Amino acid sequence: MRRKVGVRTSVMTMLLALSIAVPLVFAADISQEQTAKYILATVKAFRTVYVKGIIEQAKKAGIKPNENWAKDDHAIMLPAQFVKAAGAELKDFELGLIGLTPIYKSNLPKTQAETDALKKMMANPDQKVLTFADGNQFKGLAADFAIVQSCADCHNAHPDSPKKDFKQGDLMGAIVVRFNK
Ligand code: HEC
């Protein structure tokens, strides 16, 4: 009898623990996914404003985006440099840009899971955001399209670019966010 009560109590305790733990696990996953999505949406919005608002306006005054902008009084940073510079200001998580055919190899995906996710996105560009766990980190990718012709033109003309046939509207890579679980 005592044993039965013991078993019943431990089963009840286990069920109780599970009923608390399972929703907690799901809640944690949802909030990491949601966090990644909010960060990506915000970065993308700022990046779009930089390209369509600031760069396009500055061009009218003869100021153009240039990789070596710091040495040129009539140049401002590239859209990618804008995102990477903001990422360099962050301490609690990583922000960057990746591509499968990057100008610099440092912009290749950092892990197999990132490569797989970016390939999946390239195969189906309608999937504009992807989030996933990768080891001890949680990550998110947001599709980065050639929203203006100059995105494609500059990459095609860059001597280090392995891909020379980008067109306006193409998916060129992704903004990536990485944070510890
Ligand atoms: C004037 C040239 C230029 C323009 C315009 C430009 N890029 Fe880039 N882009 C670069 C360079 C150079 C890099 C590498 C910068 C670095 O990592 O320091 C880069 C990096 C990237 C990357 C990271 C992967 C890779 O290919 O290296 C993506 C994605 C990207 N650009 C997309 C875009 C998009 C989208 C636009 C338009 C909104 C754009 N670029 C406009 C020159 C340019």
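Details
- Checklist (1) more than 9 Å from the ligand (Cβ to nearest atom); (2) within 23 Å of ALA85 (Cα to Cα) applied to GLY173, failing item: (1)
- Matching residues, the stretch 88-117, being within 18 Å of ASP134 (Cα to Cα) and more than 12 Å from the ligand (Cβ to nearest atom): ASP92, PHE93, GLU94, LEU95, LYS110, THR111, GLN112, ALA113, GLU114, THR115, ASP116, ALA117
- Within the option set ALA152, ALA142, ALA157, being touching a Lys or Arg at 6+ places or on another chain (Cβ under 7 Å) and within 19 Å of PRO65 (Cα to Cα) holds for one residue only, ALA152.
- Residues satisfying the stated conditions in the stretch 47-87, i.e. away from the ligand (no atom under 11 Å from the Cβ), part of a helix (DSSP H, G or I) and surrounded by fewer than 14 Cβ atoms within 10 Å (Cβ to Cβ): VAL49, GLY53, GLN57, LYS60, ALA70, LYS71
- Criterion (within 9 Å of the ligand (Cβ to nearest atom) and surrounded by fewer than 16 Cβ atoms within 10 Å (Cβ to Cβ)) met by exactly one of ALA133, ALA157: ALA157
- Selection status of LYS105, among the basic types (Lys, Arg), surrounded by 17 or more Cβ atoms within 10 Å (Cβ to Cβ) and at negative phi: no
Read-outs: derived from the displayed coordinates by stated rules, not from any lab. Keep in mind it's a predicted model, so treat the numbers as computed, not measured. Glycine gets a Cβ as well: all are built from the backbone with ideal geometry, and neighbour counts include every protein chain shown.
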